[in-house]
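Chemist: Could you have a look at this structure, given as structure tokens, before my questions?
What follows is calculated from the coordinates using simple rules that are stated; it is not laboratory data. Since we're looking at a predicted model, the values are computed, not measured. Here the Cβ is made from the backbone with ideal geometry for all residues, glycine too, and neighbour counts use every protein chain on show.
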Amino acid sequence: MNTPNRPSRGSQVRGKSRTSTGTTYKPRRGKFSGSRSSSPSQKYSSNGRSSGGYKSSGSRSPGGYTSNGHRSGGNRGGSNRSGGGNRQARKMPSFDPSLFINTNPVNISEEVYVPKNKFTTFGLDGKLVNTIKTLGMSSPTPIQDQIIPEILAGRDVIGLAETGTGKTAAFLIPLIEKTIKEHKRQTLILTPTRELAIQIEDELRKLSRGFRIFSVTCVGGVNIRPQIMALRKRNQFVIGTPGRVLDLIKRKSFNPADVTTVVLDEADRMLDMGFINDMRTILSYTPKTRETLFFSATMTKETDAIVSDFLRDPIKVSVKKKDVTNSIAQDVVPYGANSKYETLCGLLKKEECKRVLVFGSMKHSVEKLSQQLSRDGIKAESIHGNKSHGQRQSSLRKFKSGNADVLVATDVAARGIHVDDVTHVINYDLPSTFEDYVHRIGRTGRATKKGMALTFIPEKRY
């Protein structure tokens, strides 16, 4: 049953937009030296060496790894998905991670942003302003400062912002304010993953405390019946993954004709995960008079097409954070044909590896690796698409609380999941694209913290 301020866990006019030092590791015997490829997305050549990447001099022995320099670039691609819909085949890596070695990260002093507004000058309900203050939000972040007034004015918006910029509150605060004034409003928030939907639910519950605002979260991996029951009552916010939301629409359990605002959060990720048809179908069922809020880290031809087809004369707000490929220490870990797992164990037992995210490519291999680490005395949990909703949440809680030192994950954890103080990100399996690489390593070295990203590479590739 839904209760106020405790979201249930039963759980088009086309228009163009207008713009309103980490840990040091010792070398294996010799450094990588020589020229670098002119193309950051250069594939490995058939002889096992990177085409144009760092050349190696000297032999290596098990234990250490190092190099100098870094490079960025790459191509977009697909990833794992959850929540229903058609799947896309996993794309093989198309870049050379040796181009992203950076043992001397730049300490970038980000320019201090001076907001034009205060939470007290947005015209928000006084009780909501007090709640925001209680949550420790003293002044608006750049995305909040620029986009809240546009949403309050009823405009369609494009918010180009990454995780950690305060974008969730940037759309929740004005939508809560509008719901307070117009209680019959209904907002549909679509997200790529269950975890992100639950995080939005949690933030909504905190911000809307004390108001009679009801919500339901509709995601896959859990029994659909409680969600159907919850949707029989009035919910001002419906938060879910496209596959499950579309399923509920087809069952006539959710009527999108009542929606006044649609939020597409991490739209680029939803497209990467193959939700394009589900998104288009859901949007086509909603009223043409709706407000559409579009949030994405990047813009591509696919996202441009969604904007062109479903947003009306949108305002664009772009907030670019520091370049993680320059500001996070990065290195590669060469491993022998039969020593990959042993090399990983050696790393995880180092004192500096206190909270580690290990990324694997396949669901079954991630689970197997987690179990093997646990048997060998390393407190590890796993998160992947084959786990139930409850199991994934349990693993996340253990990792966040410190009851697990290692979280082994597929790329489902690369976006939207906030875990503080991750000391290391380890790419045990190569990411599919440079963009996935950036999203993975962005889990460490957040804000003013320092972190290390390590990528496992077969020795034969050098």
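Chemist: Determine the gain in length on full extension of the stretch GLN371-ARG205; use 0.36 nm per residue of separation and subtract their C-alpha separation, reporting nm with one decimal.
Modeler: Extra length available between GLN371 and ARG205 comes to 56.3 nm.
Chemist: Based on the Cβ-Cβ distance from HIS183 to GLU352, what FRET efficiency comes out when R0 is 45 Å, to the nearest 0.05?
Modeler: 0.30
Chemist: Let me make sure I get this right: for the range 107-172, a, b and c are the square roots of the gyration tensor eigenvalues over alpha carbons, sorted descending. Under 1.5 in a/c it's rounded, otherwise prolate if a/b > b/c, else oblate. Which is it?
Modeler: Here the range 107-172 falls in the oblate category.
Chemist: Rounded, prolate or oblate, given the Cα gyration tensor of the range 274-321, with a/c below 1.5 counting as rounded?
Modeler: Taking the square roots of the gyration eigenvalues as a ≥ b ≥ c, the range 274-321 is oblate.
Chemist: Grab the eigenvalues of the alpha-carbon gyration tensor for the range 126-318, scale each by 5, take roots, and send me the semi-axes largest first in whole angstrom.
Modeler: 23, 21, 15
Chemist: How long is the gain from SER339 to ARG232 if the chain were fully straight, where each residue apart is worth 0.36 nm and the alpha carbon distance is subtracted?
Modeler: 33.0 nm
Chemist: Here's another thing I want to ask about it. Based on the mean of other beta carbon atoms within 10 Å per residue, what is the order of 152-160, 360-368, most packed first?
Modeler: 152-160, 360-368
Chemist: Run the numbers for ARG212 and THR289: contour at 0.36 nm per residue of separation, minus the present Cα-Cα distance, in nm.
Modeler: 25.2 nm
Chemist: While we're looking at this one, here's another question. Of the listed pairs LYS127/LYS398; LYS133/LYS398; LYS350/LYS379; LYS127/LYS288; LYS118/LYS184; LYS127/LYS400, which have alpha-carbon separations greater than 22 Å here?
Modeler: In this structure, LYS127/LYS398; LYS133/LYS398; LYS127/LYS288; LYS118/LYS184; LYS127/LYS400 lie more than 22 Å apart at Cα.
Chemist: Could you pull out every one of the aspartates and glutamates with an alpha carbon less than 20 Å from that of LYS460, ignoring same-chain neighbours closer than 8 positions?
Modeler: The qualifying aspartates and glutamates are ASP96, ASP331, GLU342, ASP429.
Chemist: When ranked by the protection proxy of mean other Cβ atoms within 10 Å per residue, highest first, what sequence do the peptides 391-400, 423-432 form?
Modeler: The peptides rank, most packed first, as 423-432, 391-400.
Chemist: Something else now. What ranking, highest mean first, results for peptides 205-212, 309-316, 192-199 when packing means the other Cβ atoms within 10 Å averaged over each residue?
Modeler: For the peptides 205-212, 309-316, 192-199, the packing ranking is 192-199, 309-316, 205-212.
Chemist: Could I ask something else about it? Can you work out ³J(HN,Hα) from phi for every residue in the range 137-154, in order, using Karplus 6.51 cos²θ - 1.76 cosθ + 1.60 and θ = phi - 60°, giving whole Hz and x for Gly and Pro?
Modeler: Once rounded to whole Hz, the list reads 8, 7, 8, x, 6, x, 5, 5, 4, 8, 9, 4, x, 5, 5, 4, 7, x.
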